[in-house]
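Visitor: I have a structure I would like to understand better, so I am pasting it below and will then ask my questions one at a time.
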Amino acid sequence: MNERIFMNELTELLKMVKNKPGMYIGKKSLTRLRAFLDGYIYAMYRLNGNQEYLCFIPGFQDWIADRYEIKSTHGWSEIINFFSQDEGEAFDTFYELLDEYLSEKD
């Protein structure tokens, strides 16, 4: 599987989770979404043996850190959670930021 196919599948999966978070992760929660994505990404790596699949979305981590002006080792989900009032808001903010990042990247 090449990176383009993986990214298409990942974005489709993200859309499904966004539309029905209760079905996939129990409730709107960025922490749960991150755990779900980490598991999915690891499974894809194990199936394909390609280390490129261990990266969520190339460049997203750095983009989030720059966006929030964070100079630390905190991951993108931790940064978004820190600047959100609760897990549900962080979940929604993640999708807004992801859409913005992907539109800038194109």
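The values are calculated or read from the model by the stated rules, or taken from the named source; none is laboratory data. All figures in this text were calculated on a predicted structure; none of them were measured in a lab. Backbone-built Cβ (ideal geometry, glycine too); neighbour counts: all protein chains shown.
So that you can scan it fast, the table gives a plain yes or no per residue for (1) loosely packed, with under 14 Cβ neighbours inside 10 Å; (2) under 10 Å from the mean Cα position of the chain (by Cα); (3) within 27 Å of residue 84 (Cα to Cα):
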position: 12; (1), (2), (3): yes, no, yes
position: 15; (1), (2), (3): yes, no, yes
position: 22; (1), (2), (3): yes, no, yes
position: 27; (1), (2), (3): yes, no, yes
position: 35; (1), (2), (3): yes, yes, yes
position: 39; (1), (2), (3): yes, no, yes
position: 44; (1), (2), (3): no, no, no
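Visitor: Run residue 71 past the list (1) loosely packed, with under 14 Cβ neighbours inside 10 Å; (2) modelled with pLDDT of 95 or more; (3) among the basic types (Lys, Arg) and report the number of the one that doesn't hold.
Guide: It fails just one condition, (2).
Visitor: Next question, about the same structure. Looking for something assigned to a helix (DSSP H, G or I), in contact (Cβ under 8 Å) with a residue 40 or more places away in the chain, within 25 Å of residue 104 (Cα to Cα) and polar (S, T, N, Q) - is there at least one such residue anywhere in segment 60-78?
Guide: Yes, because at least one residue in segment 60-78 is assigned to a helix (DSSP H, G or I), in contact (Cβ under 8 Å) with a residue 40 or more places away in the chain, within 25 Å of residue 104 (Cα to Cα) and polar (S, T, N, Q).
Visitor: Here's a follow-up. Does segment 83-90 contain at least one residue that is in a loop (DSSP other than H, G, I, E, B), aromatic (Phe, Trp, Tyr), at pLDDT 95 or above and farther than 25 Å from residue 21 by Cα?
Guide: No; the residues of segment 83-90 include none that is in a loop (DSSP other than H, G, I, E, B), aromatic (Phe, Trp, Tyr), at pLDDT 95 or above and farther than 25 Å from residue 21 by Cα.
Visitor: Still on this structure, please answer the following. Report the residue count in segment 56-76 for those that are closer than 16 Å to residue 90 by Cβ and of a type in the set (Val, Ile, Thr).
Guide: The qualifying residues number 2.
Visitor: Can you confirm whether residue 82 is in contact (Cβ under 8 Å) with a residue 24 or more places away in the chain and among the aromatic types (Phe, Trp, Tyr)?
Guide: No, not satisfied.
Visitor: Determine, yes or no, whether residue 31 is polar (S, T, N, Q) and either touching a residue at least 40 places away in the same chain (Cβ under 8 Å) or touching a strand residue (DSSP E or B) at 6+ places or on another chain (Cβ under 7 Å) (or both). Please lay out each step first, then the result.
Guide: Numbers: polar (S, T, N, Q): yes; either touching a residue at least 40 places away in the same chain (Cβ under 8 Å) or touching a strand residue (DSSP E or B) at 6+ places or on another chain (Cβ under 7 Å) (or both): yes.
Spelling it out, residue 31 is indeed polar (S, T, N, Q) and either touching a residue at least 40 places away in the same chain (Cβ under 8 Å) or touching a strand residue (DSSP E or B) at 6+ places or on another chain (Cβ under 7 Å) (or both).
Visitor: Could you list all residues from segment 8-55 that are closer than 13 Å to residue 94 by Cα and part of a loop (DSSP other than H, G, I, E, B)?
Guide: 28, 29
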